[in-house]
Each structure stands twice: as C-alpha cells, then as structure tokens.
1. Divide by every residue of the chain the summed helix terms, -39500 (n - 2.57) for each DSSP H run of at least 4, and state the resulting mean residue ellipticity at 222 nm, rounded to the nearest 500 deg cm²/dmol.
2. Assign one of three labels to region 117-198, namely rounded, prolate or oblate, based on the Cα gyration tensor with a ≥ b ≥ c the square roots of its eigenvalues; rounded applies when a/c is under 1.5, prolate when it is not and a/b is larger than b/c, and oblate otherwise.
3. Report the relative contact order of the chain, percent, no decimals, based on alpha-carbon pairs under 8 angstrom and at least 6 residues apart.
4. May I ask you to give the percent of accessible area on region 1-90 that is carbon plus sulfur, with a probe radius of 1.4 Å?
5. Using a 1.4 Å probe, what is the accessible area per residue for the chain, in Å²?
6. Once phi is turned into θ = phi - 60°, what whole-Hz ³J(HN,Hα) does the Karplus curve with 6.51, -1.76 and 1.60 give for every residue of region 10-24, x standing for Gly and Pro?
7. If you roll a 1.4 angstrom probe over the protein chains with everything in place, what fraction of the accessible area of region 116-198 belongs to carbon and sulfur, to the nearest %?
8. About the Cα centre, and with charges only on the beta carbon of Lys, Arg (+1) and Asp, Glu (-1), how big is the dipole of the chain? Nearest 20 debye, please.
Amino acid sequence: MNYSETHLRETADIVSKLDPALCEKAVELLALVRARGGRLFVLGVGGSAANASHAVNDFRKLAGIESYAPTDNVSELTARTNDDGWPSVFAEWLKRSRLNEKDALLVLSVGGGSVERNVSANLVAAVQLAKERGSAVLGIVGRDGGYTARAADVAIVIPTVNPANVTPHAEAFQAVVWHLWVSHPRLKLAETKWESMK
C-alpha cells in the first residue's frame with residue numbers, strides 16, 4: 001500500500017470514530033450563544049490560526065454568529081507578544097474584548113495546550129479566563145487534547161490512528177467538524193453559493 005492509500009484509509013478510520021452526539025451537543029451550545037447575543041472567539045496557533053480565520057468567516061456568514069479570531073489582527077497580536085509575552089497574548093486580547101458569560105471560546109489545536117510541557121500556554125490562559133468569566137468553551141483538538149479537552153464544555157478529540165500523522169489529521173478534521181456545525185440545520189441561516197445555484 002502506498003502512502004496516499006494509507007493516509008486516506010486513516011482519514012476514513014477517523015471519520016468512523018468521531019462521536020456524532022458530541023457534535024450535536026456542540027451545535028446546541030453554539031445555538032444558545034447565538035440566541036443570547038453572544039460572540040464566538042476562535043483561537044488557534046500555526047496551521048490552526050489559519051483554520052480559525054476560515055472558521056470565523058463561516059460562523060459569521062453561514063450561521064449568523066458574531067465571531068472573531070485574535071490572530072487576524074497581526075498588529076495587536078505582535079504588539080502584545082512583544083510587550084507582554086506570548087503566554088498571555090490571547091487572554092489579554094479577550095479581556096480587552098470584554099469576554100463575558102454570553103460568549104464562547106472555540107479552541108482549534110493539535111495538543112490543546114499544556115503549561116507543564118510549555119506548549120500553547122496562551123491557549124491554557126485563554127481557556128482559564130473563559131471559565132472564570134462563565135463563557136462556554138469548545139474545542140476541536142488532537143491527540144489527548146491537553147488542557148482544552150479537560151476544561152471544555154464540549155471537546156471533539158480527533159482520534160489518533162497513526163501517531164506519525166497526529167498533526168495533519170487533527171488540523172484537517174478541525175475543518176471537517178466546524179463545517180459540520182455551520183451546515184447543521186440548527187445553525188445554518190444562509191445558503192452556500194454553489195448549493196443555492198439551480
């Protein structure tokens with residue numbers, strides 16, 4: 001079997017292991033955030049930052065949820081990193097955005113953050129702030145999901161089917177899961193372009 005066959009078989013295996021009930025629970029939570037006029041803040045680092053930007057577009061345009069990704073504001077992100085340090089960059093951004101109990105955080109991450117391992121401590125600080133302020137926390141994470149999987153109200157942990165491919169599968173399935181959410185009849189308000197064309 002060549003690598004392409006292996007990778008695609010792993011992908012199919014992951015799909016079969018995802019929990020639809022958790023996806024439904026996340027959709028209900030997101031619908032509640034929208035109904036109470038809350039905002040969705042999407043956090044990610046590296047490839048997950050690019051996914052966060054894409055997800056913000058979909059939640060705003062298709063689901064009608066006011067959404068933001070701190071990494072979309074490069075000037076503020078780099079100023080805060082330069083002046084205050086990387087570990088606090090998201091929490092301080094969220095404080096300035098007046099994160100509150102109506103809002104929700106969506107963490108997109110391979111590892112979910114770990115202070116002990118000094119990996120994505122900025123995500124940990126943001127989740128801790130969200131919990132302190134009564135905001136809902138969702139996560140789409142890989143591996144064991146780290147801090148996010150333990151602290152989130154709903155965490156979709158992408159199953160590891162090949163330890164050598166944790167990152168590519170986790171980042172790919174972030175998109176699979178959030179696209180499921182925004183196309184769910186409970187959340188979807190706007191038709192996507194190609195589906196609307198007869």
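1. Numbers: 9 runs with 106 residues, N = 198.
The helix contribution divided over the chain gives -16500 deg cm²/dmol.
2. Working: a/c = 2.91, a/b = 1.42, b/c = 2.05.
Here region 117-198 falls in the oblate category.
3. On the way: 342 pairs, mean separation 47.9, N = 198.
Result for the chain is 24 percent.
4. Details: 2590 of 4600 Å².
Carbon and sulfur together cover 56 percent of it.
5. Working: 9780 Å² over 198 residues.
Averaged over the residues of the chain, the accessible area is 49 Å².
6. In residue order, the calculated couplings are 4, 4, 5, 5, 4, 3, 5, 9, 5, 9, x, 5, 5, 5, 5 Hz.
7. Working: 2200 of 4200 Å².
C and S atoms contribute 52 percent here.
8. Working: 22 positive and 22 negative charges, 107 e Å.
Its charge dipole is roughly 520 debye.
The values are calculated or read from the model by the stated rules, or taken from the named source; none is laboratory data. The structure displayed is predicted, hence computed values, not measured ones. Methodologically, a virtual Cβ is constructed for each residue, glycine included, from the backbone with ideal geometry; neighbour enumeration extends over all protein chains shown. Remember, those area values only see protein heavy atoms, side chains included, never the ligands or the DNA or RNA. Shrake-Rupley method; radii C 1.70, N 1.55, O 1.52, S 1.80 Å.
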